[in-house]
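All remarks here apply to the structure that follows.
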Amino acid sequence: MDKLIGIIGAGQMGNGIAQVSAQAGFQVLLNDVTQERADAGKAKIQKDLAKLVEKGKMQGAEATAILARIQATGNFSDLKKANFLIEAATERVELKYEIFRKLDEVAAPGVILATNTSSISITSVAAQTKRPDLVVGMHFMNPVPVMKLVEGIRGLRTSDKTFAEMRTLAETMGKTVIEAQDYPGFAVNRILMPMINEAVYTLFEGVASIEDIDMAMKLGTNQPMGPLTLADFIGLDTCLAIMNVLAEGLGDTKYRACPLLKKYVNAGLYGKKSGIGFYDYRSGTPVPTKPGSF
C-alpha cells in the first residue's frame, strides 16, 4: 500500500494507532516531541508484538515486518512526507490547536488532518487551519489494537470526501466506524464519562467501596471491567479533562466533575500510567480514599 500515515503523539493511543496502521500494511511515521519519546513509542509496539508472537497469535516474521513499516521520529518536519495525518496528543485544547496550526503549515496540500480527540470540538480544531474541509474526527478506542470501534466526527465544514476517506482507512485497519455529531463528548464519552464520574461520586459519598462499585457494574450490568478500573485504564487526568469539556460545552451541572476525581488528579494519581489511581498497580489493591491513609 502506498499510503504513508503520520501519527503525532507516540503515547498509549498514538503507538496503538501506529501498530494497527502498520498491521494493515501502511507505512507509518510515528512522531513525538523528542526522538527518545518517539523511540519509546515504537519500543512499546515491539513489546506488544512480541507478546502476540509468544501467545501464538502472530508469526515472528509478521511481527518483524510490521515493526519495519514504522519509523519513529522526533522531527516534526518529517511529517510533510505523509499523505494522511492523525493527531493523538494529550487531550488539551490549546495543545491540539497548536499542533493543527503547525500541521497545516507542514502537510502537503490536499492531505487530510484527523484528530483522535475524544471530546474536543472538531469544528474548532479545523478552524485553526486553512483546510477545514480536510479536518475530521477519528476517535479510536483504547486499547487500539483490541477495540473495534472508531468514532467518526464531522466538523461543520468537513467534506463528504474527507469523511469517506477516513472511513475507508479505518475499515482497512479492521475497524467499524460510527458517525457522531460534533457535540462535546460526541457519542461514546457523552455516555461513558458521566457514568464513570457518577461511580466516583458513589465512592466519594460512601455508598460503596471501590471493589464493590466495580463488582456491582461487572456482575450487575455485564460490563467487562468496572468503571473505576476503566477510569484508571483511561487515565484519571483524561477523565477529568473530558468532564471539564462536557461541563463547559453543555453548560449543565450534571456534568460537574466529582471533587474526589479532581483530588486524585491534583495528587498526581492518574491511574495505571502513573502506577496508582483508584487501584495501586504496584500491589494490585484498591487505594484507601481517606487522607493520610496512603
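Give the share of C-alpha pairs in each 5 angstrom bin for segment 193-283, from 0 to the last occupied bin, in whole percents, shortest bins first.
3, 16, 25, 26, 19, 9, 2, 0
So what is Rg over Rh here for segment 13-74, counting just Cα atoms and using Kirkwood for Rh?
On the way: Rg = 11.0 Å, Rh = 11.4 Å.
Over the Cα atoms of segment 13-74, Rg/Rh equals 0.97.
What is the antiparallel percent of DSSP beta bridges lying wholly in the chain, to the nearest 5? Walk me through the numbers on the way to the answer.
Working: 9 of 34 bridges.
DSSP beta bridges in the chain are roughly 25 percent antiparallel.
Non-local amide H neighbours of Val150 (under 5 Å, H modeled in plane, Pro and chain starts lacking H): which ones?
Distant-sequence amide H within range of Val150: Thr176, Val177, Ile178.
For the chain, modelled as a GNM with alpha-carbon contacts under 10 angstrom, which of Leu95, Leu79, Leu203 fluctuates the most?
Maximum fluctuation in the GNM of the chain, among the listed residues, is at Leu95.
From the helices alone, meaning DSSP H stretches of at least four residues, give me the mean residue ellipticity at 222 nm for the chain, per-run term -39500 (n - 2.57), in deg cm²/dmol to the nearest 500.
On the way: 11 runs with 133 residues, N = 294.
Dividing the helical sum by the residues of the chain leaves -14000 deg cm²/dmol.
Nearest 10 degrees, 0 to 90: what angle lies between the long axis of helix 188-204 and the longest principal axis of the chain (Cα atoms)?
The angle comes out at about 30 degrees.
Just to confirm my numbers, what's the Cα centroid distance between segment 65-86 and segment 102-170 in Å?
17
In square nanometres and to one decimal, what's the mean projected area of the convex hull around the Cα atoms of the chain?
Details: hull surface 62.6 nm².
Approximately 15.6 nm², given one-decimal rounding.
Give the distance, in whole Å, between the Cα centre of segment 180-242 and the Cα centre of segment 259-278.
Segment 180-242 and segment 259-278 have Cα centres separated by 14 Å.
Could you rank the peptides 217-226, 7-16, 104-113 by their average count of other C-beta atoms within 10 Å per residue, with the highest value first? Kindly include the intermediate steps, with their values, before the conclusion.
Values: 217-226: 13.1, 7-16: 25.3, 104-113: 16.3.
Ranked by mean Cβ neighbours within 10 Å, highest first: 7-16, 104-113, 217-226.
Which loop trypsin sites (Lys or Arg not before Pro) in segment 93-131, with loop taken from DSSP, have no more than 16 other Cβ atoms within 10 angstrom of their Cβ? Each step should come with its number before you reach the end.
Working: sites: Lys96, Arg101, Lys102, Lys130; in loops: Lys130.
Those satisfying the criteria are Lys130.
Exactly which GluC sites (Glu not before Pro) in segment 200-294 are in a DSSP loop and have at most 11 other Cβ atoms within 10 Å?
On the way: sites: Glu205, Glu211, Glu248; in loops: Glu205.
Those that pass, being in a loop and sparsely packed, are Glu205.
Provide the per-residue ³J(HN,Hα) series for segment 228-237, in order, calculated from phi with Karplus coefficients 6.51, -1.76, 1.60 and θ = phi - 60°, each as a whole number of Hz, with x at glycine and proline positions.
Karplus values, whole Hz, x for Gly and Pro: 6, 4, 5, 4, 4, 5, 5, x, 5, 5.
Could you tell me which of rounded, prolate or oblate describes segment 122-236, using a ≥ b ≥ c as the square roots of the eigenvalues of the alpha-carbon gyration tensor, with rounded for a/c under 1.5 and, failing that, prolate when a/b is larger than b/c and oblate otherwise? Working shown, then result.
On the way: a/c = 3.44, a/b = 2.04, b/c = 1.68.
Prolate, since a/c reaches 1.5 and a/b exceeds b/c.
Filter Lys47/Lys218; Lys3/Lys161; Lys42/Lys130; Lys148/Lys218; Lys42/Lys96; Lys3/Lys57 down to the pairs with a C-alpha to C-alpha distance above 24 Å, please. Numbers along the way, then the final one.
Working: Lys47/Lys218 29 Å; Lys3/Lys161 17 Å; Lys42/Lys130 31 Å; Lys148/Lys218 20 Å; Lys42/Lys96 22 Å; Lys3/Lys57 26 Å.
Exceeds cut-off: Lys47/Lys218; Lys42/Lys130; Lys3/Lys57.
Any read-out appearing in this document is the output of simple, stated calculations on the displayed coordinates, not a laboratory observation. Keep in mind that this is a model prediction, so the values were computed, not measured. Here Cβ is always computed from backbone atoms with ideal geometry, including for glycine, and neighbour counts include all displayed protein chains.
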